[in-house]
Amino acid sequence: MFESDDIINYLYDTYGPGAGKVPFTLKGGFATTTATFAAMARGMAGARVPPNARGDLQQMDSIELYGYEASPFVRPVREKLCALGLPHRIVYSARGSANRDVLWEKEGRFQVPYISDPNTGVAFFEGPEICDYLEDVYTE
């Protein structure tokens, strides 16, 4: 599946109340328009790989990012990972998720964003510091 509407319909059919229950805000022209304006307001962050990105990034092990979609603190980190083309895995940790407990057991607290980078052995919290770290380590 390549089209957003098809993917959303599949998810609602498979895991939710059915494709007929998809709210208008998640499909069609409304979703496309609002997503476009949001991306433009953020300067199209993550839309292209910067020219100073290291050439070996696709060979890196996946960085693990704990966060959830609605977090404004996680968004810049996701955008930086995407912009650099770094392999990564998002561990969704919204309220009620068992993944919050996993992070709590690992670090003694819950806070997002949190990354664990197997390429360097680094793991820490704080969005701005994570973005600076990714820039320092994965660009030339």
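The values are calculated or read from the model by the stated rules, or taken from the named source; none is laboratory data. These numbers were taken from a predicted model, which means no experiment stands behind them. Cβ coordinates were reconstructed from backbone atoms using ideal geometry, including for glycine residues, and neighbour counts include every protein chain displayed. Just so you know, the surface numbers come from the protein's heavy atoms only, side chains and all, with ligands and any DNA or RNA stripped out. Shrake-Rupley method; radii C 1.70, N 1.55, O 1.52, S 1.80 Å.
Averaged per residue, what accessible area in Å² does the chain show with a 1.4 Å probe, protein chains only?
63 Å²
Using the Cα centre of the range 92-140 as the reference point, and only Cβ charges (+1 on K/R, -1 on D/E), how large is the resulting charge dipole? Debye, rounded to the nearest 20.
Dipole about the Cα centre, nearest 20: 440 debye.
Under the 0.36 nm per residue contour assumption, what length would be gained going from the current alpha-carbon distance of residue 95 and residue 140 to full extension?
Length gained, residue 95 through residue 140: 12.4 nm.
Which value, in debye to the nearest 20, describes the size of the charge dipole of the chain about its Cα centre when Lys and Arg Cβ atoms bear +1, Asp and Glu Cβ atoms bear -1, and nothing else is charged?
That gives the chain a dipole magnitude of about 480 debye.
Can you give the angle from 0 to 90° between the axis of helix 127-138 and the longest principal axis of the chain, with both taken from C-alpha atoms, to the nearest 10?
60 degrees
Rounded to the nearest 0.05, what FRET efficiency do residue 47 and residue 126 have when you use their Cβ-Cβ distance and R0 = 30 Å?
That gives a FRET efficiency of 0.75.
Quick one: angle between helix 28-41 and the longest Cα principal axis of the chain, in degrees between 0 and 90, rounded to 10, please.
30 degrees
I'd like the FRET efficiency for residue 24 and residue 73, computed as 1/(1 + (r/R0)^6) with the beta carbon distance as r and R0 of 22 Å, rounded to 0.05.
Efficiency computed from Cβ-Cβ geometry: 0.20.
Please give the helix 98-107 orientation as an angle from the longest Cα principal axis of the chain, in degrees from 0 to 90, rounded to the nearest 10.
Once rounded, the angle reads 10 degrees.
Applying 1/(1 + (r/R0)^6) with R0 = 22 Å to the Cβ-Cβ distance of residue 39 and residue 104, what FRET efficiency is obtained, to the nearest 0.05?
So the FRET efficiency works out to roughly 0.10.
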